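Trainee: Input: one structure, supplied below.
The values are calculated or read from the model by the stated rules, or taken from the named source; none is laboratory data. Just so you know, these numbers come straight off a predicted model, no measurement behind them. Cβ placement follows ideal geometry from the backbone for every residue including glycine, while neighbour counts extend to all protein chains displayed. Surface areas here come from the heavy atoms of the whole protein model, side chains and all, with no ligands, DNA or RNA. Shrake-Rupley method; radii C 1.70, N 1.55, O 1.52, S 1.80 Å.
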Amino acid sequence: MADRSLDSVSLPLEVRARLAELELELSEGDITQKGYEKKRSKLIGAYLPQPPGVDQALPQERRTPVTPSSSSRYHRRRSSGSRDERYRSDVHTEAVQAALAKHKERKMAVPMPSKRRSLVVQTSMDAYTPPDTSSGSEDEGSVQGDSQGTPTSSQGSINMEHWISQAIHGSTTSTTSSSSTQSGGSGAAHRLADVMAQTHIENHSAPPDVTTYTSEHSIQVERPQGSTARVAPKYGNAELMETGDGVPVSSRVSAKIQQLVNTLKRPKRPPLREFFVDDFEELLEVQQPDPNQPKPEGAQMLAMRGEQLGVVTNWPPSLEAALQRWGTISPKAPCLTTMDTNGKPLYILTYGKLWTRSMKVAYNILHKLGTKQEPMVRPGDRVTLVFPNNDPAAFMVAFYGCLLAEVVPVPIEVPLTRKDAGSQQIGFLLGSCGVTVALTSDACHKGLPKSPTGEIPQFKGWPKLLWFVTESKHLSKPPRDWFPHIKDANNDTAYIEYKTCKDGSVLGVTVTRIALLTHCQALTQACGYTEAETIVNVLDFKKDVGLWHGILTSVMNMMHVISIPYSLMKVNPLSWIQKVCQYKAKVACVKSRDMHWALVAHRDQRDINLSSLRMLIVADGANPWSISSCDAFLNVFQSKGLRQEVICPCASSPEALTVAIRRPTDDSNQPPGRGVLSMHGLTYGVIRVDSEEKLSVLTVQDVGLVMPGAIMCSVKPDGIPQLCKTDEIGELCVCAIATGTSYYGLSGMTKNTFEVFPMTSSGGPITEYPFIRTGLLGFIGPGGLVFVIGKMDGLMVVSGRRHNADDIVATALAVEPMKFVYRGRIAVFSVSVLHDERIVIVAEQRPDSTEEDSFQWMSRVLQAIDSIHQVGVYCLALVPANTLPKTPLGGIHLSETKQLFLEGSLHPCNVLMCPHTCVTNLPKPRQKQPEIGPASVMVGNLVSGKRIAQASGRDLGQIEDNDQARKFLFLSEVLQWRAQTTPDHVLYTLLNCRGTIANSLTCVQLHKRAEKIAVMLMERGHLQDGDHVALVYPPGIDLIAAFYGCLYAGCVPITVRPPHPQNIATTLPTVKMIVEVSRSACLMTTQLICKLLRSREAAAAVDVRTWPPVLDTDDLPKKRPAQIYKPSNPETLAYLDFSVSTTGMLAGVKMSHAATSAFCRSIKLQCELYPSREVAICLDPYCGLGFVLWCLCSVYSGHQSILIPPSELETNPALWLLAVSQYKVRDTFCSYSVMELCTKGLGSQTESLKARGLDLSRVRTCVVVAEERPRIALTQSFSKLFKDLGLHPRAVSTSLGCRVNLAICLQPHRLGKLAEQGTSGPDPTTVYVDMRALRHDRVRLVERGSPHSLPLMESGKILPGVRIIIANPETKGPLGDSHLGEIWVHSTHNASGYFTIYGDESLQSDHFNSRLSFGDTQTIWARTGYLGFLRRTELTDANGERHDALYVVGALDEAMELRGMRYHPIDIETSVIRAHKSITECAVFTWTNLLVVVVELDGSEQEALDLVPLVTNVVLEEHYLIVGVVVVVDIGVIPINSRGEKQRMHLRDGFLADQLDPIYVAYNM
């Protein structure tokens, strides 16, 4: 306080001179801030008064007498500023700068988002028109930026920005105009910035008595111990960074991530005491109430009664009666003067004209619409009034015409297009009011959008309307004897005013005739209106204060209204002041923005005189931020005759009409009430008078006294309407005749708003009359003054604390020079994410601001809001200029903006998400329990009666079958045997894309071809037995022949996918790698591929000379080999199986002859394959089960394989299914990519396929060959889609294979078995598990549709000869049924090990030769690397045993450890893909401890940033995880392997090496 009272102390001249010198030294930089403060306090210490017991003195002292010197100083500072004064408060600006000062030193710890250049270069500068700078929360427009040539641009003047930046650097000359005191020194602010950086600990020595605005109990802030010195962070633009594992990484992206990681390492709040939450009770943190939070301590408030409404004898009995009186007594008296856009009077409506024209309108409404027998409108019906803002005269005539005709007018805005923001909701209101007629003016009618036939189209959501033009020339004259029926005011509805709610819905508030009249009387009394006064109205005359004063009360008192249209204000912001002078007006109705514009533009004016004004009504005076406009306006115009007591803020609401208004007094000594409230207290709904030592304060002005004839109280905003205490903020409620009576047609909502009975603490109502909720938050201060601190609609409750949207806007606007965003084009709202409200700020960015500028501004806004409101902002988005939806008067349409944000169609050009700082209710991180030994786990399971999870397929030894092939140890022998016994039996049929047979092989053909290839290998290739041969063939018959040729020659074949001719550069190196790693001595292929390998494109990718010898099998020798090689030992190598795993590792496994034969036998038994069977195979034949089915099984079992290369489906998606139907196949195998192709490609063609005779009813099994968790959504949609074509829903199943065992599960349960049990029941092989439990490696089954449920499908039936156990991957102990663990497998067809040139033995023994650490420690198991669990089902096998189902959850390598829990990428990806229609694919991975989400965008690049908040929301909501980085890329960037599995690790490497060319990368703070 000390500094502030300086002005009222007269300092001796020499001290002033010395102070001026000091200030100069400081500004020149010759002295430090600290030194300056020290010297300054020494100088003035002696002259400081002791702070008195500030009672009435507080407002006194804060009002400086405006001497010429101080006001001229003010001018110099405020020489420009296209700033929206509604939200301006220099105290606040200073507070914000001080709060930011502490962040100033620290470089921004957040990396800037990176954006593709094409997105940055948006439209050319000329294409932009600066948007309206009107405010975010009121429906209003404003001065058009610099384009109109109004003096709003900073024409070489030192402006706001200049002195704000001084304020940041600690200059002391800053003024605080909002309270109009010259303040010295921002040393206090600096000290406070330090304190603010610490925690807030508040000591109330005694409950502060708010009722008498004292500041004796100032709030102490204790400084916590400990220094706040920060170690300079290691990063900057470091080229070489270390990852979390200490691996140096050099790249742009990783530097950014590292920066982000570092940000996260500095915890924002002290870490929670972390502990392990048992099982899966993943409870969200419940916000604990702050023990130090202020609580209301005053007594219960008393309801406040306004003065008596003194009825004057000559007041008219109704408003129509008043009109009749003036229209007949003084018809020449002016009623309304309208202006054109040049400010010239356009038209004067006299009371006589108003009376005769209204009668004419009334007569025509009642008698000229419809027929005599069936009039369209009867008394009591609703009609809508559609008039533009520049035609008040036509509106007034129509409005009074309705009153005279006793129909109910519903004034609305003019619809400009068919898609106006909020127009649909207005249509709903008109529909519910039963409106069929719209009154409008000629000009407006011509301007409405028309269809080509000249009809006015029906607007979206609107009822069918008859448009009726009210101009006199279009109306017929009423007959002499017709006269409107003028009654005394009664309880009939007079008019309906529309109101837009927070969610965008529109309600109609009904006002009765008696309420209308009483309201006019109350306003007349409160404002002291007298006959024939002149009033200037700038407000919208269709509703609210503009309607009440400018259309209704004015007529009651025969006043003359000068109406200033919005369009004139845009051209000449001073027009209203000029009209006040010109007409010597007594009263003016304005909003604070009008005062602000006048301030901006007043410099050119010489002869302004405002002494005629006795009342300046500030319609939005209830907005706490209007105080600065009022103060600044007074400061400037006091010298032009404006008296301080003239400024009269008022509070109003659609429901309660005028709630309170400050009365114009003649006593200029009675200063207005002021409250400087602690914003921290307000967030708890408690009033604490702040000693102004703190940064976060809200200065509010009173809005005068309760209206005459009304009672007011404040009640708690939520729950039962209980009276507040004297120091508590509540919703103001009013009991009076002059209020609205209901929401039209909504009795429930009406009851809650218009029929409230406030309760005392003892539980009784305070009166028997109902009160009306005003929607305003505030309190009644000393002397009955009403204070409003915000609106219920703007309230955001975050973690139990209330924040007002307007306050947040004010803070955002006080940040830094406003070069980057348009003032007032800012929307603040909250969205609900993870059970709490989160604050979102959306602003319009100026077209000339750079990415860096905007990002800098955004970061500062976040810091300022965090410091001042102690609340985190969840998302800050900047959109291009002029793109936010507007209200009819040019303000921002808040609910539409929120809607666009939530549905992802806001199209921002910059987004900053800060979930890390503001999401504080995540479950506590799980801490691993101290290791429980495997023995204890086992005992625990036994004690709790849980089965140890193990299962097996049928025992091979006990199966008696007449399998002839069993007697051969080697496949080569089986083929020779078949060639002899059934030479002409067809084994393979290859189809082309037209579905015709391209090629086929009988047993003997295959045998002979293999012999020739063997000869070729020995003679041309000079190969020994045991040499490795790479087979590079397209899917087909050549591949099969080459494979057996290798076996005949004793070589070891390796099948390799050929390079893609269109993509040689990327596919050829993979071929080369496999050839090298497998140590192939030669390479066999077709003539076509030979040419491809030698082509120029291939040479660019791989040097031709580095290939081993290439043999072309299209040209074979004609002779047979001398003998066919027979291996000496079944354990020798048969072939190598190379494949890229999902983690991107290339792994080759060794398959021995014994394992190969065992594998074929197992499949034969499981699928019941015989020579008479036909099997359709649509798979890639290069690795895993796909290769075995394509090349080996037919030779072993003798069945015919119909081969369909998957690549052919790209040209003909129906190929596979048509083949299945045509060959009447019972068993078919495909991959997920094939299934997806059919689902997407044939979705709309089922009818035409049916017509072509496609019939799938014979299909017994359709198995998807995969090495991942079954894709249940895809298999279900496939089954559903082809059900009509006869596909049995249970026919579709999946298999499971992996590197250590190429097939563990295969084949669904026999349909025959199921048919007996009735196929109508639920699918027995799908279970629903609790996703939260899975994160803790627990399996808990839940009902379908329960929250957090995840459907899992069984991976097929376990193959004969396979044993499975579920083991803990860390301790290697066996696990129970209810645990998720690694699937271990023991089987004769396990692979015998990895084939690597690196010889990593440890990995080999761990994966292929593991033993349990407890229990059965003898058996040797192979670890599959997949997490899963076993479940006993109710089904029985053929031999009567219960069936064990195996469920795969995901790969161990891919599972992500986050917050101590295990997450599977696919679950997060599924959620993300659902988040927005434009996300086609998604992949997630972690880097250090960050979750990175990569999404493919199918849409314009402008949509890229829409995805960031949606992705962040959905992952938070469904997985309780915070996304660290969101990367938006083009379609096809996420790499996918041949099996259709995402290669997440490749993607991660590409991201870290900055190779993705992303459209946008967002780093969530």
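Trainee: Tell me whether region 1165-1204 comes out rounded, prolate or oblate; compute the Cα gyration tensor, take square roots of the eigenvalues as a ≥ b ≥ c, and use a/c under 1.5 as the rounded threshold.
Mentor: On the way: a/c = 2.06, a/b = 1.54, b/c = 1.33.
It comes out prolate by the Cα gyration axes.
Trainee: Packing-wise, with mean Cβ within 10 Å as the measure, how do 1353-1363, 1548-1558 rank, highest first?
Mentor: On the way: 1353-1363: 24.3, 1548-1558: 17.6.
Answer by packing, highest mean first, reads 1353-1363, 1548-1558.
Trainee: Can you list residues from other chains, or at least 5 along the same chain, whose modelled amide H is less than 5 Å from the amide H of S742?
Mentor: Sorted by chain and number, the residues that satisfy this are T510.
Trainee: Give the lysines whose C-alpha is closer than 17 Å to that of K586, dropping any in the same chain fewer than 8 places away, or say none.
Mentor: Hits, sequence-local ones excluded: K640.
Trainee: Could you please state how large a percent of the accessible area of region 540-691 is carbon and sulfur, counting protein chains only and using a 1.4 Å probe?
Mentor: Values: 1640 of 3460 Å².
Of all accessible area on region 540-691, carbon and sulfur atoms account for 47 percent.
Trainee: Per-residue HN-Hα couplings for region 949-954, Karplus 6.51 cos²θ - 1.76 cosθ + 1.60 at θ = phi - 60°, whole Hz, x for Gly and Pro?
Mentor: The phi angles translate into 6, 8, 7, 8, x, 4 Hz.
Trainee: Send over a whole-number figure in Å² for the accessible area per residue of region 368-448, probe 1.4 Å. Spell out each step's value before the answer.
Mentor: Values: 2940 Å² over 81 residues.
Counting only protein heavy atoms, the per-residue value for region 368-448 is 36 Å².
Trainee: First compute the accessible area of region 698-752 with a 1.4 Å probe, then give the percent of it belonging to carbon and sulfur atoms. Display every interim value, and only then the final one.
Mentor: Details: 1060 of 1780 Å².
After summing per-atom areas, the C and S share lands at 59 percent.
Trainee: Can you give me the accessible area per residue for region 521-651, using a 1.4 Å probe, in Å²?
Mentor: Values: 2910 Å² over 131 residues.
Accessible surface, normalised per residue, equals 22 Å².
Trainee: At 7 Å along the Cα-to-beta-carbon direction for both K1008 and T1433, put a label point, then send me their distance in nm to one decimal.
Mentor: Going from the K1008 label point to the T1433 one covers 4.7 nm.
Trainee: Determine the shape class of region 463-510: with a ≥ b ≥ c the square roots of the Cα gyration tensor eigenvalues, call it rounded for a/c under 1.5, and otherwise prolate if a/b is greater than b/c, oblate otherwise. Write down the numbers at each step before the final one.
Mentor: Numbers: a/c = 4.08, a/b = 1.57, b/c = 2.60.
Because a/c hits 1.5 or more and a/b fails to exceed b/c, region 463-510 counts as oblate.
Trainee: Out of the total accessible area of region 1004-1055 (probe 1.4 Å, heavy atoms of protein only), what percent is carbon and sulfur? Could the numbers behind the result be given before it?
Mentor: Numbers: 650 of 1400 Å².
That fraction is 46 percent.
Trainee: Counting only heavy atoms of the protein chains, get the accessible area per residue of region 733-839 (1.4 Å probe) and round it to a whole Å² value. Intermediate values should be presented prior to the final figure.
Mentor: Details: 3470 Å² over 107 residues.
Here the per-residue accessible area is 32 Å².
Trainee: For the peptides 1219-1232, 643-656, what is the packing order when you average, over each peptide's residues, the other Cβ atoms within 10 Å and list the highest mean first? Intermediate values should be presented prior to the final figure.
Mentor: On the way: 1219-1232: 20.6, 643-656: 23.0.
Listed from highest to lowest mean packing, they are 643-656, 1219-1232.
Trainee: I've got another one for you. Within 10 Å, count the other beta carbons around each residue, average over each peptide in 372-379, 729-736, 672-679, 1474-1481, and list them highest first.
Mentor: Numbers: 372-379: 12.4, 729-736: 25.5, 672-679: 21.9, 1474-1481: 18.0.
So the peptides 372-379, 729-736, 672-679, 1474-1481, ranked by packing, come out 729-736, 672-679, 1474-1481, 372-379.
Trainee: Work out from phi, with θ = phi - 60° and the Karplus expression 6.51 cos²θ - 1.76 cosθ + 1.60, the ³J(HN,Hα) of each residue of region 499-504, listed in order in whole Hz, and give x for Gly and Pro.
Mentor: Whole-Hz 3J(HN,Hα) from phi for region 499-504: 9, 9, 7, 4, 8, x.
Trainee: Structure shown: which of K332/K542; K543/K591; K499/K751; K1224/K1283; K344/K446 lie over 21 Å apart, alpha-carbon to alpha-carbon?
Mentor: Numbers: K332/K542 25 Å; K543/K591 14 Å; K499/K751 17 Å; K1224/K1283 17 Å; K344/K446 24 Å.
Long pairs (Cα-Cα over 21 Å): K332/K542; K344/K446.
Trainee: Give me, ordered by chain and number, the residues 5 or more places off L466 or on other chains with an amide H under 5 Å from its own placed amide H.
Mentor: Hits under the 5 Å cutoff: V437, A438.
Trainee: With the Cα gyration tensor of region 332-426 giving a ≥ b ≥ c as the square roots of its eigenvalues, does the rule (a/c under 1.5 for rounded; else a/b larger than b/c for prolate; else oblate) give rounded, prolate or oblate? All intermediate terms of the calculation are to be shown ahead of the outcome.
Mentor: Working: a/c = 2.74, a/b = 1.14, b/c = 2.41.
In terms of gyration-tensor shape, oblate.
Trainee: Still on this model: Once phi is turned into θ = phi - 60°, what whole-Hz ³J(HN,Hα) does the Karplus curve with 6.51, -1.76 and 1.60 give for every residue of region 511-522, x standing for Gly and Pro?
Mentor: Once rounded to whole Hz, the list reads 10, 7, 5, 6, 5, 4, 5, 4, 4, 4, 5, 5.
Trainee: Here is a further query. With unit charges on the beta carbon (Lys/Arg positive, Asp/Glu negative), name the residue among S1172, Q1245, A1214 whose Cα is farthest towards the positive pole of the charge dipole of region 1159-1265.
Mentor: S1172
Trainee: Taking amide hydrogens as modeled 1.01 Å from N in the peptide plane, which residues meet the under 5 Å criterion relative to V686, leaving out close sequence neighbours?
Mentor: Counting only residues 5 or more places away or on other chains, the set is I729.
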